């Protein structure tokens with residue numbers, strides 16, 4: 001099976017004290033991966049490189065099909081930051097903003113917004129004002145704003161760090177469902193039990209070095225269905 005994204009010989013130096021080193025990393029379609037490691041280990045830096053928001057000083061980042069332009073590759077991946085910022089206005093305004101920039105017409109915008117809000121369980125939130133949302137709702141809207149672009153790869157930087165325990169279970173159940181829609185998910189977390197609940201393939205980074213540097217065949221990974229079933233609480 002073809003990979004969604006492949007990293008080879010990545011090297012990034014920042015100042016005198018930090019260096020990110022990834023010899024080899026392959027992510028496969030419709031899988032969930034968890035990136036763990038202590039603060040300052042390089043998790044956010046690695047996510048930004050995979051999102052093509054930062055360039056490595058050495059090495060390559062390749063998406064399946066490889067020959068497309070940088071701009072086209074950027075459309076295949078979306079990163080949601082740990083503390084996402086929502087624009088003023090409604091939830092629908094937030095989802096429509098990026099679609100307008102990409103030249104998506106109004107009818108298609110409305111169709112995508114309706115579908116995406118349904119996926120994240122916010123069907124009735126299109127006209128809700130962003131300033132009225134709870135922490136858990138903000139995280140879901142930020143996720144919807146990423147999904148509305150229909151990315152192949154969704155990167156989440158500690159997505160549950162700022163939501164309460166009541167919202168946590170619902171958000172994890174949502175993450176479990178995403179591979180069903182054709183999305184590969186990679187999220188960073190400090191909570192090892194979270195990766196177990198979601199049945200995610202674990203990636204560990206320490207002192208800027210990815211420890212488990214090997215391609216993982218999809219047959220050795222849990223499918224989204226088994227992962228979701230395993231992650232559900234009674």
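Each value in this text was obtained by applying a stated rule to the coordinates, not by laboratory testing. Predicted, not measured: the structure shown is a model, and the values here were computed from it. Note: ideal-geometry Cβ built from the backbone for every residue, glycine included; neighbour counts use all protein chains shown.
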(request) Find the all-direction average of the projected area of the Cα convex hull for the chain, expressing the result in square nanometres with one decimal place. (result) 13.1
(request) Please find, in a Gaussian network model of the chain (springs between Cα atoms separated by less than 10 Å), the residue of 73, 58, 11 whose mean-square fluctuation is greatest. (result) 58
(message) Neighbour counts of other C-beta atoms within 10 Å: give me 112, 177 arranged from fewest to most.
(response) 177, 112
(message) Quick check on the exposure proxy: order 18, 171 from fewest to most C-beta atoms within 10 angstrom.
(response) 18, 171
(message) 7 Å from Cα along Cα→Cβ at both residue 53 and residue 161: what's the point-to-point distance in nm?
(response) 1.2
(request) Pop a pseudo-label 7 angstrom from the Cα along the beta-carbon direction at both residue 207 and residue 111 and give the gap in nm to one decimal. (result) 5.3
(message) Checking the a/c ratio against 1.5 first, then a/b against b/c, what shape does the Cα gyration tensor give for the stretch 109-179?
(response) oblate
(message) Could you give the length gained by full extension between residue 169 and residue 39, i.e. 0.36 nm per residue of separation minus their alpha carbon distance, to one decimal place?
(response) 44.4 nm
(request) Please give the helix 135-147 orientation as an angle from the longest Cα principal axis of the chain, in degrees from 0 to 90, rounded to the nearest 10. (result) 80
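Going by how many other beta carbons lie within 10 Å of each one, how would you line up 75, 201, 100, fewest first?
Ranking 75, 201, 100 by Cβ neighbours within 10 Å, fewest first, gives 100, 75, 201.
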(request) Looking at the chain, send over the antiparallel percent of its DSSP beta bridges, to the nearest 5. (result) 50
(message) How tilted is helix 91-101 with respect to the longest principal axis of the chain? Cα atoms for both, answer in degrees (0 to 90, nearest 10).
(response) 60
(request) Could you work out how far helix 106-119 tilts from the main Cα principal axis of the chain, as a 0 to 90 degree angle to the nearest 10? (result) 70
(request) With springs connecting C-alpha atoms under 10 Å apart, model the chain as a Gaussian network and identify which of 159, 84, 151 has the largest mean-square fluctuation. (result) 84
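Given R₀ = 35 Å, what would the calculated FRET efficiency be for residue 72 paired with residue 13, taking r from the Cβ atoms and rounding to 0.05?
After rounding to 0.05, the efficiency reads 0.75.
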